[in-house]
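A.B. asks: So that we are looking at the same thing, I have put the structure below in structure tokens.
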Amino acid sequence: MVERTTRLQPDSVLDACGLHCPLPLLKAKQALAGLAPGQLLEVRATDAGSWRDIEAFAEQSAHHLEAREQCGDIYHYWLRKAEGERS
């Protein structure tokens, strides 16, 4: 078993394991919409395409990708909802 090295404490966790592209990203967008500005969302996914999709989303949006890592077959992402973004 591979242990996570990132120790960020999320406000919410989205388990998108087993979902195929583009669902992990779409579910992450929905989950971010339900958070208050500044809150942290952890996304867990097994779809390898999520690695580029979530990074590209963060670059094109005001949200910040705090960290990402792969632990075995699971990709972990920590997205901070942008300040000034409404819930």
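The values are calculated or read from the model by the stated rules, or taken from the named source; none is laboratory data. Everything quoted here is computed from the prediction, not taken from an experiment. Positions of Cβ are backbone-derived with ideal geometry, glycine not excepted, and every protein chain shown enters the neighbour counts.
A.B. asks: Which ones in the range 5-21 are modelled with pLDDT under 95 and either touching a helix residue (DSSP H, G or I) at 6+ places or on another chain (Cβ under 6 Å) or closer than 13 Å to Ile54 by Cβ (or both)?
C.D. replies: Residue satisfying the conditions is Cys21 alone.
A.B. asks: Here is a follow-up. Determine which member of the set Gln60, Gln30, Gln70 is touching a residue at least 12 places away in the same chain (Cβ under 8 Å) and not aliphatic (A, V, I, L, M).
C.D. replies: Gln70
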